[in-house]
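For reference, the structure is listed below as structure tokens.
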Amino acid sequence: MAPTTGAGDFRYEYQPGWAQTPEGVSIREPSGVAVDSMDRVYVYQRVGPPVLVFDRDGRFLDAWERRNGVPLDAHHIHVGPDDTIYLTDRDAHQVLIYDTAGNLQRSLGTRDRAAMQAPFNHPADVCVAPSGELYVADGYGNSSVHRFSAAGDYISSFGSPGSGPGQFRVPHSISVSQDGRVYVADRENNRVQVFTPEGEFQAEWTDFKCPMGVHIDAKQVVYVTDQIPRVSIYTLDGELLSRGRTFEGAHQVYTDSQGSIYGLDTANQRVQKLSKL
């Protein structure tokens, strides 16, 4: 039997060797993982094809082409409710928006031009709110979260450098709940912060070592990975439901329709799947 992790209603079994790549294709320097409504798994990577696509059983489906150097530098990936794919192109200072076939539809930010405390300066993550608005964790050069309309028009920003309420030291991952609350993995402050849709500070969750990924599933359960390494599972109000050791470089976390967890393991250049028991 494969090793298990988690507790209570959130127990999982490791699926070693999950990704099945054909000859000539491999996972190389992966940085992000996300899952669409059909349980197709998208692996975002820095070397080779920028995105590899698998089914939930790890069978290879597709590899996207890198066109004219785009994307340049993979970080996190997000799938919207209509299966639109959002990529943070970290060192090009952009968010790139694709269809499921790998065709670039549009982008946010000025390519190769950073901005101070404005969109963008090495952005880390992006998510779509239930309202359709976009939130971007502008995490490496700035200490901000930026808010855009569904059409991509800039609305507002919140956050500043520091460790006080509403301040950030590398806002590394972001997710929005069904009621509009914004959850930000504030990596170097060892916490997750919770905000209103307008960016008003509400709460902070601690007891993390450099949280790397935050994800909210369809049942409004919150998953946080950190550098212990482990995955912690919470209610929207911060009640800890389960916790267990997981993939080494737990850079991003996502779930599928069956409740299985996919984790991006940067330390071993792989995606790990934890099947729900």
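Computed values, structure above
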quantity	calculated
The chain: radius of gyration over Cα atoms, expressed as a fraction of 2.2 N^0.38 Å	0.92
Whole-Å distance, taken between Cα centres, linking region 126-172 and region 14-60	27
Relative contact order (%) - criterion: Cα under 8 Å, at least six apart; region: the chain	15
Under 13 Å from the Cα of Lys276 - aspartates and glutamates, other chains or at least 8 residues apart	Asp9, Glu13, Asp256
Average accessible surface area per residue within the chain, 1.4 Å rolling probe, Å²	40
Rg and Dmax of region 35-130, Cα atoms only, in Å	13.1, 43
Compactness of region 1-160 - radius of gyration and Dmax, Cα, Å	16.7, 51
Max mean-square fluctuation residue, GNM over the chain, Cα-Cα springs under 10 Å, options Leu104, Leu96, Leu240	Leu240
Exposure rank, largest accessible area first [Lys273, Lys209; 1.4 Å]	Lys209, Lys273
Rel. contact order, % - alpha carbon contacts under 8 angstrom, at least six apart, region 174-277	16
Overall Cα dimensions of region 212-277, principal axis frame, Å, largest first	32, 23, 18
Estimated inter-spin distance, Phe201 and Ser257, nm [label 7 Å along Cα→Cβ]	4.1
Accessible surface of the chain [probe 1.4 Å, protein heavy atoms]: carbon and sulfur percent	44
Debye log10 I(q)/I(0) at q = 0.14, 0.16, 0.24 Å⁻¹ for region 151-261, Cα point scatterers	-0.52, -0.68, -1.42
More than 24 Å apart - percent of Cα-Cα pairs taken over region 93-188	17
Dimensionless Rg over Rh [region 1-79; C-alpha; Kirkwood]	1.03
Among Tyr140, Tyr44, Tyr86: highest mean-square fluctuation, GNM of the chain, C-alpha pairs under 10 Å	Tyr140
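The values are calculated or read from the model by the stated rules, or taken from the named source; none is laboratory data. As the structure is a prediction and not an experimental result, all values here were calculated from the model. All Cβ positions, even for glycine, are placed from backbone atoms using ideal geometry, and neighbour counts span all protein chains on display. Protein only, heavy atoms only, side chains kept; ligands, DNA and RNA dropped before computing areas. Shrake-Rupley method; radii C 1.70, N 1.55, O 1.52, S 1.80 Å.
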